[in-house]
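Comments concern the structure below.
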Amino acid sequence: MAECDTPIVVHLALGGNQGDVLAAFRRALVELAARGVAVTAVSPAYRSAALVARRGDTPGPDYWNIACAAETRLSPVDLLALVHDLEREAGRERRERWGDRPLDIDILRYGDQVLSTPELTVPHPAVGARPFVLQPLADLDPEVPFPPAGRTVGAMLEALADPWAGIEYVMFNWR
């Protein structure tokens with residue numbers, strides 16, 4: 001694995017809707033720390049309606065979503081490999097977009113870097129349109145800027161027509 005000279009601040013989104021998702025989050029946070037990603041802050045857990053890939057599809061069970069801030073020396077590609085390993089270890093099988101899963105981990109932000117490859121795009125291209133991602137991020141720090149424009153989490157949240165769309169419940173003491 002390639003390492004950076006200095007730690008990079010990253011923001012991750014964790015989600016899931018199969019099995020004991022909050023337990024999967026707890027395990028993933030422990031494993032991140034054990035594998036070179038020092039988690040520095042974790043949001044409350046949000047429950048939201050599942051997305052569907054195509055209009056007319058029946059949504060699956062509600063999702064739980066959290067965000068975390070962390071520091072790592074792992075490269076973006078190595079961090080992606082790590083989060084994919086954690087998803088597989090939790091039982092995720094990649095079969096369909098937005099399908100049911102016990103654990104999904106997205107790299108939302110990797111420092112100030114902008115990266116677009118077939119495997120990874122950072123910052124995450126959909127972060128500004130998803131209340132279930134922005135609300136947990138805002139709990140961590142609404143002033144976090146997202147490159148390249150530097151729009152803050154709080155500004156992206158305020159720009160949404162309904163910043164609570166789809167969010168059904170917030171659990172503050174889930175850890």
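The values are calculated or read from the model by the stated rules, or taken from the named source; none is laboratory data. Being a predicted model, the structure only gives us computed values, none of them experimental. Ideal geometry is used to build each Cβ from the backbone, glycine not excepted, and the neighbour counts take in all protein chains shown. In case anyone asks, the SASA skips ligands and DNA or RNA and just uses the protein heavy atoms, side chains included. Shrake-Rupley method; radii C 1.70, N 1.55, O 1.52, S 1.80 Å.
Can you name the residue in the stretch 114-126 that is without any contact (Cβ under 8 Å) to a residue 60 or more places away in the chain and under 16 Å from Ala70 (Cβ atoms) and, of all such residues, is surrounded by the most Cβ atoms within 10 Å (Cβ to Cβ)? This residue is Val122. Quick one: would you say Glu168 is open to solvent by less than 30 Å² (accessible area, probe 1.4 Å), modelled with pLDDT under 95 and farther than 15 Å from His11 by Cα? So Glu168 fails the test. The selection criterion, being without any contact (Cβ under 8 Å) to a residue 60 or more places away in the chain and hydrophobic (A, V, I, L, M, F, W, C), holds for Ala138. Taking the criterion of being under 17 Å from Leu108 (Cβ atoms), touching a Phe, Trp or Tyr at 6+ places or on another chain (Cβ under 6 Å) and among the small types (Gly, Ala, Ser), the only residue of the stretch 48-80 that qualifies is Ser48. Scanning the stretch 8-22 for residues that are over 16 Å from the mean Cα position of the chain (by Cα) and either surrounded by 24 or more Cβ atoms within 10 Å (Cβ to Cβ) or farther than 10 Å from Pro102 by Cα (or both) yields a total of 1. Scanning the stretch 127-152 for residues that are within 24 Å of Glu31 (Cα to Cα) and open to solvent by 50 Å² or more (accessible area, probe 1.4 Å) turns up Asp139, Asp141. Among the strands (runs of 3 or more DSSP E) confined to the stretch 1-70, the ones with at least 2 residues that are more than 16 Å from Leu140 (Cα to Cα) and touching a Pro at 6+ places or on another chain (Cβ under 9 Å) are located at 3-16.
Consider Pro102 against the criteria (1) farther than 15 Å from His11 by Cα; (2) open to solvent by 20 Å² or more (accessible area, probe 1.4 Å): it satisfies all of them except one. Which criterion is unmet? The number of the failed condition is (2). Taking the numbered list (1) surrounded by fewer than 17 Cβ atoms within 10 Å (Cβ to Cβ); (2) of a type in the set (A, V, I, L, M); (3) over 18 Å from Phe25 (Cβ atoms) in turn, Leu74 passes all entries but (1). All conditions but one from (1) modelled with pLDDT under 95; (2) in a helix (DSSP H, G or I); (3) out of contact with any strand residue (DSSP E or B) (no Cβ under 8 Å at 6 or more places or on another chain) apply to Ala149; the one that does not is (2). I'm trying to understand the selection: among the residues of the stretch 153-165, which are under 24 Å from Val114 (Cβ atoms) and either of a type in the set (S, T, N, Q) or open to solvent by 20 Å² or more (accessible area, probe 1.4 Å) (or both)? Result: Ala155, Leu157, Glu158, Ala159, Leu160. Kindly check whether there is at least one residue in the stretch 126-136 that is within 17 Å of Tyr46 (Cα to Cα), outside any helix (DSSP H, G or I) and modelled with pLDDT under 95. Looking through the stretch 126-136, at least one residue is within 17 Å of Tyr46 (Cα to Cα), outside any helix (DSSP H, G or I) and modelled with pLDDT under 95.
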